[in-house]
Structures are given as C-alpha cells and as structure tokens.
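Before any comments, here is the structure.
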Amino acid sequence: MSKKIANNLFEDKTNVYVSECRSTNDLLAYLVKKKILSEGSLLVTDYQKKGRGQRKNTWVSEQAKNLLFSFVIKPKILLSEQFKLHIITSISLVKSLKTFNLKKLKIKWPNDIYISGKKVAGILIENQIFMKKISHSIIGIGLNVNQTSFNILNATSLTKELNSEIEIQEVLNLIKYNFNIEYNNLHLDMNFLLNRYKRELFGLNESLDFLINNQKMTGKIKDVNSDGTLNILINKKIKRCDFGSISYL
Ligand code: BTN
C-alpha cells in the first residue's frame, strides 16, 4: 500500500474537510475558480444539503454515514476523450471495493457501481473546456458505506453487503491510491482502457430491458464506443445509444 508511484496526484495536496455543504462538487468548483486549489486537491464532507447526481438527479445521503467527496484534476485531454475519465474513475472504485471481497461487483454504464444488482456508488464528473481540451475536471464520488436503510429500493452500502461497519477514511484512502494509478494510465490507448472497462461492465452480452427514447426495448449490450455510447443489439440491428436517450429498466 505504501508503494511509491510516479506522479502522485494527491501527495502534498490540500485536503479540505467541511462538516456540511451544499454539494462538494459545487464548493470545490468555486474554490478552483477562485484559484485557491490546485490539481489533486480534495474536498470531503459528512453531509450535503443539495447533493447532485447525473441527469439532474439528487444524491441523498445520511449524515456522517457515507463517503462524499470531490477532487480536481487537470487532465488536458481532448474533449473527445472525456469518456476516459469515466473509465478510470469507475475502474478505481471497482479496484478499491474488490479489497473487501465483494461478490457481483460491477460498473453499470456509464459509471454507477453496483453490488449484487444494487447501487453502492455514483460518480459525477464535471468538465471545464478550453480550446477543445479539458482544462479541469471536478470528479465527485458518493459511496454508501455505513448507511443501513434507503428510501430507494435499489440501493445498498458496504455495511449492508459485509455485515460490518467500515472505516470511511479507509475507503477514501483506497480510492485515492487506485485513482492515482489509473490517472497515470490516462494517456494509454482508448481501446486498451475500453477493454478493461468492459471486463467490469454489468450486463455485457446479456438480454436486458431498456427505455430508449421513451420506448421499452429488450436488447444486448454488445460494445462500448470511445465516445462512451453503447452499441445495443435490438431486433438483429445495432443501435448506438447515448447517455441522454437511454435508461435501464
Ligand atoms: C449519480 O449516481 O447520479 C452520481 C452521484 C454523485 C454523488 C456525489 S456525492 C459527492 C459529489 N457531490 C455531489 O453533489 N455529487 C457528487
């Protein structure tokens, strides 16, 4: 665990803790804009009053039970390569959670983390673009650690899966360790990264029900493209689906 890695993203960087905030993504974005924080700076909280998810969803989490944090990177990759950030972040989470010997640990496209068919973590990546490149990204992660009851049926936590309390700081350290390794892989070939992602992907080549452009359809995920879109086989034809047009049923 203490192995030294070249370019340690988080080493000697600012770690901000606030007992509560609106959203760690929002507060971190504000601090970065004010030029107060540099790449690798991280903000963690016990409670968010307006935690945000993808597709304008909310992220609700009981006080001091779960891991809620955001950090900033300056990847300087092309906007067209932005899916790489989703790949490396979700792989970092999967690698970190594998430490706990969890069964049926999967990435649900594009970047939700599921255990035995229930969501344990979500990722919200917000990019700033300059000259077609990503000048900085705020990566926000919400991971259910010690919460035991949820308003949503399809949610779980580490404690529910493992039947024991987990040290939140330990999980954060694991994620930082693994993200740092993956961040050093960011410039590797997209196909190589996509293959690693697909190995951890939920439902690849399985028959699944989707809502595509508000229509219920059954299909099989056959591939993930470099722009993050899915190739789904429906009625013997490949349909290319983007994040806005599709949800799982
Ligand atoms: C999703 O599954 O839709 C993404 C959820 C992301 C939640 C995290 S919690 C920390 C950070 N701050 C936020 O407001 N959202 C992210």
Original post:
Roughly speaking, to the nearest percent, how much of region 149-207's 1.4 Å accessible area is carbon and sulfur?
Top reply: 46 percent
**OP:** About the Cα centre of the chain, how large is the charge dipole given +1 on each Lys and Arg Cβ and -1 on each Asp and Glu Cβ? Please answer in debye to the nearest 20.
**Re:** 720 debye
Original post:
If you take the charge dipole of the chain about its Cα centre, with +1 on Lys and Arg Cβ and -1 on Asp and Glu Cβ, which of L105, I91, N195 is farthest toward its positive end?
Top reply: N195
**OP:** Order the following by accessible area, largest value first: I232, I125, I152. Probe radius 1.4 Å; ligands, DNA and RNA are ignored.
**Re:** I152, I125, I232
**OP:** Beta carbons within 10 angstrom, averaged per residue: use that to sort the peptides 137-148, 162-173, 33-44, highest first.
**Re:** 137-148, 33-44, 162-173
Original post:
Which of the trypsin sites (Lys or Arg not before Pro) found in region 41-124 are in a DSSP loop and have at most 16 neighbouring Cβ atoms, other than their own, within 10 Å?
Top reply: K49, K50, K76, K103, K104
Original post:
With all protein chains present, how much of the accessible area of region 38-107 (probe radius 1.4 Å) comes from carbon and sulfur, to the nearest whole percent?
Top reply: 50 percent
Original post:
What does the charge count near L211 come to, summing +1 for each Lys or Arg and -1 for each Asp or Glu among other residues with Cβ under 14 Å from its Cβ?
Top reply: +1
Subject >> Debye, to nearest 20: dipole size of region 1-82, +1 on Lys, Arg Cβ, -1 on Asp, Glu Cβ >> reply: 280 debye
**OP:** Work out the charge dipole of region 11-67 with +1 on the Cβ of Lys and Arg and -1 on the Cβ of Asp and Glu about the Cα centre, then indicate which of N15, V60, L37 is farthest towards its positive end.
**Re:** V60
Original post:
DSSP H helices in the chain with Cα extent of 15 Å or more along the helix axis and mean Kyte-Doolittle hydropathy at least 0.0?
Top reply: 83-98, 168-183
Original post:
Hey, got a sec? Which trypsin sites (Lys or Arg not before Pro) in region 205-249 land in a DSSP loop and have at most 16 other Cβ atoms within 10 Å?
Top reply: K236
Original post:
How much of L158 can a 1.4 Å solvent probe reach, expressed as accessible area in Å² and rounded to 10?
Top reply: 0 Å²
Original post:
What whole-number value in Å² describes the accessible area per residue of the chain for a 1.4 Å probe?
Top reply: 52 Å²
Subject >> For region 185-249, size of Cβ-based charge dipole, Lys and Arg +1, Asp and Glu -1, in debye >> reply: 280 debye
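The values are calculated or read from the model by the stated rules, or taken from the named source; none is laboratory data. A quick note: this is a predicted structure, and the numbers were derived from the prediction, not measured. With ideal geometry, Cβ positions are generated from the backbone for all residues, glycine too; neighbour counts draw on all protein chains shown. Ligands, DNA and RNA are excluded from the accessible area calculation, which covers all protein heavy atoms including side chains. Shrake-Rupley method; radii C 1.70, N 1.55, O 1.52, S 1.80 Å.
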